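Trainee: This is the structure I want to talk about, given as C-alpha cells.
The values are calculated or read from the model by the stated rules, or taken from the named source; none is laboratory data. Remember, it's a predicted structure, so these values are computed and weren't measured experimentally. Every residue, glycine among them, receives a Cβ derived from its backbone with ideal geometry; neighbour counts consider all protein chains shown.
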Amino acid sequence: MNYLRTQLIRRLTDLMKVRLNGNVWETQSILNIQAGQGLSFAQTETHNVSTLTLSTTGANGSIGYWGAFWDMTDQTVTSTTEAYVVNFGNANADNNGVSVVSGNQITVANAGVYNIAVSVQVISANVQIHDAWFWFRKNGTDISSSCSQISVPQSHGGIAGALIFYVNIFEKMAAGDYTQLVWSASNTDVSLQHVNAATSPTRPDIPSVIMTVNQV
C-alpha cells in the first residue's frame with residue numbers, strides 16, 4: 001500500500017499529510033471529470049503523483065460527430081425561376097450523430113458548430129455558357145450570405161461542358177436542426193450529373209453531389 005485513498009477528503013486536503021507506521025502518506029481523491037464526445041479520461045496514482053490520461057474513443061477514431069452523404073442520380077431543373085433542393089440518396093454506414101431525413105435534410109442529433117462542405121458535378125448540354133447558383137438552408141430558411149454563383153462551360157464537340165464546384169460553411173446547430181443544399185440555373189440544360197465507374201483506366205463512379213458534415 002503506497003497511499004491512503006479517500007473520497008471524503010477532496011483535492012484541497014491533498015496538501016495535508018498523514019503519517020502511518022512512521023511513513024509519510026499523501027491523501028488522494030478520484031477526479032470527477034465529464035469527458036466530451038469521443039473523449040475519455042483515466043486516472044492512475046502512485047505514492048505522490050496522480051496522472052490523468054486523455055484518450056479518443058469516438059466512432060472510428062473521430063472525436064466529433066460527423067456524416068458523409070452523396071447521390072448517384074442526375075438532378076435537373078425544369079424552370080429557371082425556381083429553386084430546387086438537392087437530394088442525397090446515399091449515406092456512409094459509419095456516420096455518427098448526423099443523418100439524412102426525407103432525402104435531403106442533413107440532420108444533426110447533437111448541438112455544436114459544424115463544418116458543412118459540398119462538392120457538385122455540374123454539366124451543361126447547351127452551346128452557350130450558363131450560370132448556376134448554390135446556397136444553404138437551415139430548418140427551411142435560407143442561410144444569409146451562403147450563396148455562390150458559377151459559370152458552367154458550354155458543350156463542345158458534342159460533349160457536355162463539365163465543372164466541379166466546392167464550397168463549405170460553418171454553422172451553429174442545435175440538436176435536431178437540419179441543413180439543405182439548394183440550387184437554381186439560368187438554363188434547363190444545366191444539371192447535376194452522376195457518372196458510372198469506367199475502365200481504361202479503371203476508376204470509380206462520380207456522384208452528382210457529395211456533402212460532408214463534421215463537428216468542430
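Trainee: Against the definition (at pLDDT 95 or above and not hydroxyl-bearing (Ser, Thr, Tyr)), how does Val49 come out, yes or no?
Mentor: No; evaluated as a whole, the condition is false for this residue.
Trainee: Let me ask something else. Taking the range 120-130 on its own, how many of its residues are over 17 Å from the mean Cα position of the chain (by Cα) and touching a residue at least 60 places away in the same chain (Cβ under 8 Å)?
Mentor: Of the residues in the range 120-130, 7 are over 17 Å from the mean Cα position of the chain (by Cα) and touching a residue at least 60 places away in the same chain (Cβ under 8 Å).
Trainee: Collect the residues in the range 183-209 that are aliphatic (A, V, I, L, M), assigned to a strand (DSSP E or B) and surrounded by fewer than 19 Cβ atoms within 10 Å (Cβ to Cβ), keeping them in residue-number order.
Mentor: Scanning the range 183-209 gives Val195, Ala198, Ile206.
Trainee: Within the range 105-119, is there a residue that is more than 14 Å from the chain's Cα centre (by Cα), in the same structural domain as Phe134 (by TED's automatic domain parsing) and either closer than 11 Å to Ile210 by Cα or not polar (S, T, N, Q) (or both)?
Mentor: No, the range 105-119 contains no residue that is more than 14 Å from the chain's Cα centre (by Cα), in the same structural domain as Phe134 (by TED's automatic domain parsing) and either closer than 11 Å to Ile210 by Cα or not polar (S, T, N, Q) (or both).
Trainee: Next question, about the same structure. If you take the residues of the range 150-182 that are loosely packed, with under 12 Cβ neighbours inside 10 Å and more than 22 Å from the chain's Cα centre (by Cα), which of them is farthest from Val85 (Cα to Cα)? So that I can check it myself, show each step before the final result.
Mentor: Step one: of the range 150-182, the residues loosely packed, with under 12 Cβ neighbours inside 10 Å are 156-159, 164, 166, 170, 172, 174-175.
Add one more test, that the residue is more than 22 Å from the chain's Cα centre (by Cα), and what stays is 156-159.
Values: His156: 29, Gly157: 31, Gly158: 29, Ile159: 26 Å.
Among those residues, the one meeting the criterion is Gly157.
Trainee: Take the residues in the range 78-99 that are surrounded by 13 or more Cβ atoms within 10 Å (Cβ to Cβ) and not in a strand (DSSP E or B); name whichever of them is farthest from the chain's Cα centre (by Cα).
Mentor: Thr80
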